[in-house]
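The values are calculated or read from the model by the stated rules, or taken from the named source; none is laboratory data. As the structure is a prediction and not an experimental result, all values here were calculated from the model. Don't worry about glycine lacking a Cβ; one is built from the backbone with ideal geometry, like all the others, and counts go over all protein chains shown. We work out accessible area using only protein heavy atoms, side chains counted, and drop any ligands, DNA or RNA first. Shrake-Rupley method; radii C 1.70, N 1.55, O 1.52, S 1.80 Å.
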Number of protein chains: 2
Amino acid sequence: MADLNAPATSDLRPSGGDRIARQDEPVWDIIELLFFAYRDFVSEPDDVLAKLSFGRAHHRVLHFVNRNPGMKVAELLDILKITKQSLGRVLKQLVDQGYVVQKEGANDRRQRLLYVTSKGETLAIKLAGLQTARVARALGELGPNGYEAARRFLTALIDSDNRDGVLRIIARADRARRQRS
Amino acid sequence: MADLNAPATSDLRPSGGDRIARQDEPVWDIIELLFFAYRDFVSEPDDVLAKLSFGRAHHRVLHFVNRNPGMKVAELLDILKITKQSLGRVLKQLVDQGYVVQKEGANDRRQRLLYVTSKGETLAIKLAGLQTARVARALGELGPNGYEAARRFLTALIDSDNRDGVLRIIARADRARRQRS
DNA sequence: GCATTTAGGTCAGCCATATTGACATATTTC
DNA sequence: GAAATATGTCAATATGGCTGACCTAAATGC
């Protein structure tokens, strides 16, 4: 096994081990690592989904509905940044096959609030489990501050004008989950 | 602006600020941050490409050919993990429009080695510049060890049976680049 | 109470990008 | 000379985006 603690490109870097931004020089390694990491990150769920004749689009819908029970269709569209026609297709399949149900809003009866069924929750958790195993393994290879560093780096990559919204979505889902459990 | 240094879910975590792996509990935040971060990471290049009637597939081809001049078609297929039919379509468009050229291999004349033209290099660097600006901004928000931590985290996310290969590809491209410049 | 807005759904068609399978050509290797 | 290799191509199919148009039902505003 290669020495993963030795920077692959250490000979390019100053002694501190940290990158000093060279103007005009792209950060090729981070760009490529993001590509490879994301490719592998979604590949295991993709395989599971393929056996159910589902795709990555179904995963995203199932994931966010599971995390935010009772979410409005409009909220989901905003998170996924796709059109309602695109959502409609995959959502219909998830509903028809019993992974997701829609309930009329109590206050506003125009709303079709989204919930996973127990079948849907089982699948959502199975898929999250695959990704969690990967992330946990990765964090395990890092030092004690790995989780915090990863979280901060990923957060900082998000569009700054969107970041607060994203963090709110995540925090809200965490809070709701904690209350249910 | 929200306090980005305060963990969004700090109330969930033990005092050290670091995550202690709770068995059976998915790392929802990292999973979702990866989704949002990657979505934004590719969005600016996507916009530029759309004006040229290109898509993300063209970006990936152009990127890796630019980084690895003289690369074989088979290598590219292996990196992208797509079929040659899928590659063929986008590669043909890049060649037809003068972004990429193919040269017969000197040793093995069956090979069609891939190179970017200066037009291709210009576009590749423009796209990498957008992503570099985002990464540099993100790293700038982190501490002095941010770059190293990000690199290690992303590396650790990659399939372990593939990681050495990926690191070799990146290191090789870096070495070749250094020699050219 | 009626007009407008909002939440959501749907039909039709188009495009990009991926797939499988079959087959073709040139070249290298054994 | 046969087999393997590198690459290209044709045809069909699937997924998941998109735009544009149009619809219903319910809430909201005056």
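Matching residues to (1) in the same structural domain as A:Ala74 (by TED's automatic domain parsing); (2) within 15 Å of the chain's Cα centre (by Cα):
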| site | (1), (2) |
| --- | --- |
| A:Ile125 | yes, yes |
| A:Gln131 | yes, yes |
| A:Arg151 | no, yes |
| A:Ser160 | no, no |
| A:Ala176 | no, no |
| A:Gln179 | no, no |
Margin query: Considering only region A:152-162, I want to know if a residue exists there that is closer than 30 Å to A:Asp96 by Cα, within 10 Å of chain B (Cβ to nearest Cβ), assigned to a helix (DSSP H, G or I) and open to solvent by 50 Å² or more (accessible area, probe 1.4 Å).
Written below: no
Check: What is the residue count in region A:37-77 for residues that are within 11 Å of another protein chain (Cβ to nearest Cβ) and either in contact with a Gly (Cβ under 7 Å, 6 or more places away or on another chain) or among the hydroxyl-bearing types (Ser, Thr, Tyr) (or both)?
Finding: 3
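With region B:42-122 as the region, which helices (runs of 4 or more DSSP H) entirely inside it contain at least 1 residues that are open to solvent by 20 Å² or more (accessible area, probe 1.4 Å), more than 7 Å from DNA strand C (Cβ to nearest atom) and without any contact (Cβ under 8 Å) to a residue 12 or more places away in the chain?
Details: elements: B:56-67, B:73-80, B:84-96.
Qualifying helices (runs of 4 or more DSSP H): B:73-80, B:84-96.
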Margin query: Restricting to region B:1-41, name every residue that is open to solvent by less than 30 Å² (accessible area, probe 1.4 Å), at pLDDT 50 or above and of a type in the set (Gly, Ala, Ser).
Written below: B:Ala37
